Structures are given as C-alpha cells and as structure tokens.
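Here's the structure, in structure tokens; my notes come after.
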Amino acid sequence: MHKAGFVNIVGLPNVGKSTLMNALVGERLSIISPKAQTTRHRIIGIVNEPGYQIVFSDTPGYVNQPGYALHRTMNTYVHQSFEDADVLFLITDKYQKIDEQAFLISQLVQTKVAVVVVFNKLDLCREGELEEWQVRWKQELPMANFVPISAKDGTNIDKLIEFVVKNLPESEAYYDKDSLTDRHIRYFVSEIVREKIFLNYQKEIPYSCQVVCEEYREADDMDRIRCTIFVERESQKNIVIGKGGSSLNKVGTEARLAIEEFVGKKVFLGLFVKVKPNWRNNDQTLRSFGFEKTND
Ligand SMILES: Nc1nc2c(ncn2[C@@H]2O[C@H](COP(=O)(O)OP(=O)(O)OP(=O)(O)O)[C@@H](O)[C@H]2O)c(=O)[nH]1
Ligand SMILES: [Mg+2]
C-alpha cells in the first residue's frame with residue numbers, strides 16, 4: 001500500500017512556517033528572516049519514502065489588513081491552501097494573539113480534514129506557558145491536535161511526520177519519487193537574493209524589493225547568473241546600491257555563497273537594480289513577477 005497527500009502550512013507572518021517546512025523536508029527550500037512577510041509565494045517541499053509521499057506547502061503569512069495588491073495575491077495563496085489539503089497545519093507561537101488569527105481559525109473550524117495546531121518556538125517557552133496555550137487552543141479548535149515544536153532545534157518534527165503519515169490517504173505519488181519541489185532553479189536563486197536583502201536592509205527597503213533571475217547559464221566550471229532587483233523609487237535604488245556599491249556588494253557576496261551551497265558548485269552572480277514604480281500595486285507587473293492570483 002502507498003500513501004500520498006498534501007499538507008498545507010498556514011499561519012500569521014513570522015511564526016516559523018518556512019523554518020518548519022525546511023526542517024520537515026531537510027533542505028533550505030524556503031527563505032527565512034526575522035522580518036514579517038518574508039514568504040510571498042506558495043512553495044512545495046516533498047518528502048519521499050518507500051511507503052509514502054508527503055507534499056508540504058509553505059505559504060505566505062496571512063495578512064489581516066492587506067495594504068497592497070501584492071498582499072491580496074499572497075492571501076489568495078492562503079485561501080487556496082484550505083481547499084486542497086489532506087492535512088492542515090496552523091502554525092502559531094506565544095507571540096501571536098488569538099484574535100489576530102480569527103480568519104484562519106474560522107477556516108479550520110469548517111474544514112473536514114485533520115488539523116494540527118503546531119505551537120512553534122518551544123525553545124522560548126517558560127515552564128507552564130505551553131500548558132496555558134494548549135488549554136486556550138483547545139477552546140478555539142476542540143477537534144484539532146496540538147503539537148508543540150521547535151522548528152529551529154528540530155524538536156518534535158518526527159511527531160508531525162508520524163501524525164501526517166497516519167492521516168494520509170492511500171494514493172499513488174503525485175510527483176516523481178525523487179523530486180524535492182516543483183520550482184525551477186531560477187526561482188530559488190531569486191529567493192536567495194531576496195533573503196539577503198531582507199537580512200541586510202531595514203524599514204521599507206525589503207518590502208519594496210522584488211528579485212527576478214533573468215538568466216541562469218550552466219557551465220562546467222562555473223554557472224553564470226544575472227538577477228535584477230526591482231525597487232519602487234530612485235531613492236530606494238541608491239540605498240540598495242549603497243556608497244560606492246558597498247551595500248549591493250555585500251548582498252551579492254552573501255547571496256553568491258548561499259547559491260553555491262544550494263547548487264553545489266561555483267557561480268558568478270551579477271546583480272542589477274532597476275526602478276519599477278509602484279510594482280506592489282500593479283497587477284500586470286505582479287503577474288510578470290510570477291504572482292498569479294488563484295482565487296479571492
Ligand atoms: N527561537 C526560535 N526561533 C524560530 C523558530 N522557528 C522559527 N524561528 C525564527 O522566527 C523567524 C521567522 O521565521 P520564518 O520561518 O521566516 O517565519 P514565517 O512564518 O515563514 O514568516 P513569513 O514568511 O514572514 O510569513 C526567523 O527569525 C526564524 O529563525 C523556533 O523554533 N525557535
Ligand atoms: Mg515564510
């Protein structure tokens with residue numbers, strides 16, 4: 001007998017969805033940063049074993065008050081995740097207020113699939129704190145299972161896998177049994193550059209940047225990559241580049257090292273910065289950046 005199915009990971013921004021997905025899959029597929037709203041796409045990570053295939057989806061953090069067309073598109077990825085799951089993980093931590101999660105809870109109350117409230121950042125909990133949260137979540141979602149984890153340390157990741165395997169339907173595999181994801185290398189490259197932007201700049205800059213990998217040319221000795229960082233204003237372009245190009249050089253070096261680790265070989269990375277006014281509110285530009293609206 002072979003089992004297979006979809007496990008969708010939803011939650012507010014910054015709770016550790018991407019850290020969890022990477023821990024489940026054992027690869028750095030999703031980018032991670034201490035800033036909220038890091039993830040902008042839905043991205044899958046596949047766990048393959050002889051008897052089963054689990055297709056995990058990392059999703060953008062749900063934005064309660066979308067300020068841009070980009071946010072609304074990100075939220076459609078979350079909406080879609082409630083529709084096509086065999087198991088749903090609501091990931092949360094002690095920093096998130098329950099009422100801020102009202103929309104997510106309202107969807108989970110209605111679902112027919114198994115739900116796990118994944119309580120993350122266990123490593124930051126005081127004695128007794130966890131039990132208090134467990135009681136509160138039991139009131140909100142009485143049918144759900146409650147699994148405390150630390151995505152960072154890997155605590156209880158095995159319990160989640162065990163739960164999922166038990167709840168997966170019998171099915172053929174959905175993807176080749178040796179695939180890890182469905183995205184192209186250019187997607188991962190652009191995301192790695194974006195992660196370094198999130199880690200290197202403050203305030204509005206990370207949110208005003210989108211990265212497009214325009215070219216990825218493989219070669220025996222060294223792959224050649226060209227990426228464009230789109231910003232919304234000329235003043236942001238100057239900040240991203242920095243004095244004498246120093247800020248952009250730092251991002252470039254950090255991104256290159258991470259890409260080399262990801263692809264397992266040396267790469268040449270060329271970064272360019274261009275202004276695309278108001279891209280976060282322009283549906284056509286968003287589409288050209290790969291943000292396809294799924295539904296509303
Ligand atoms: N201490 C601790 N920090 C964690 C843990 N899991 C994630 N983090 C940190 O929490 C921050 C957010 O992690 P992400 O995985 O990017 O969170 P996310 O939910 O994907 O965030 P968005 O993509 O913005 O929605 C990062 O600084 C992580 O290192 C954990 O188990 N313990
Ligand atoms: Mg994320």
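The values are calculated or read from the model by the stated rules, or taken from the named source; none is laboratory data. Computed from a predicted model, the values in this text were never measured in an experiment. Cβ placement follows ideal geometry from the backbone for every residue including glycine, while neighbour counts extend to all protein chains displayed.
The residue that is nearest to ligand 2 (Cβ to nearest atom), among those in segment 26-51 that are surrounded by fewer than 20 Cβ atoms within 10 Å (Cβ to Cβ) and more than 25 Å from TYR95 (Cα to Cα), is GLU27. Looking only at segment 1-25, count every residue that is more than 18 Å from VAL47 (Cα to Cα) and either within 10 Å of ligand 2 (Cβ to nearest atom) or surrounded by fewer than 20 Cβ atoms within 10 Å (Cβ to Cβ) (or both) and tell me the total. Final tally of qualifying residues: 5. Taking segment 137-151 as the range and being in a helix (DSSP H, G or I) and surrounded by 12 or more Cβ atoms within 10 Å (Cβ to Cβ) as the test, the residues that pass are TRP137, LYS138, GLU140. Checked against the criterion of being touching a helix residue (DSSP H, G or I) at 6+ places or on another chain (Cβ under 6 Å), assigned to a strand (DSSP E or B) and among the hydrophobic types (A, V, I, L, M, F, W, C), segment 246-258 contains not a single residue that satisfies it. Assuming GLY67 fulfils every condition listed in (1) within 18 Å of VAL116 (Cα to Cα); (2) more than 8 Å from ligand 1 (Cβ to nearest atom); (3) small (Gly, Ala, Ser) apart from one, which condition is it? All conditions pass for GLY67, except number (1).
In segment 68-90, the count of residues that are modelled with pLDDT of 95 or more, more than 25 Å from MET143 (Cβ to Cβ) and in a loop (DSSP other than H, G, I, E, B) is one or more.
Could you check, for segment 168-179, whether at least one of its residues is surrounded by 15 or more Cβ atoms within 10 Å (Cβ to Cβ), over 20 Å from the mean Cα position of the chain (by Cα) and aliphatic (A, V, I, L, M)? Yes, there is a match, as at least one residue in segment 168-179 is surrounded by 15 or more Cβ atoms within 10 Å (Cβ to Cβ), over 20 Å from the mean Cα position of the chain (by Cα) and aliphatic (A, V, I, L, M).
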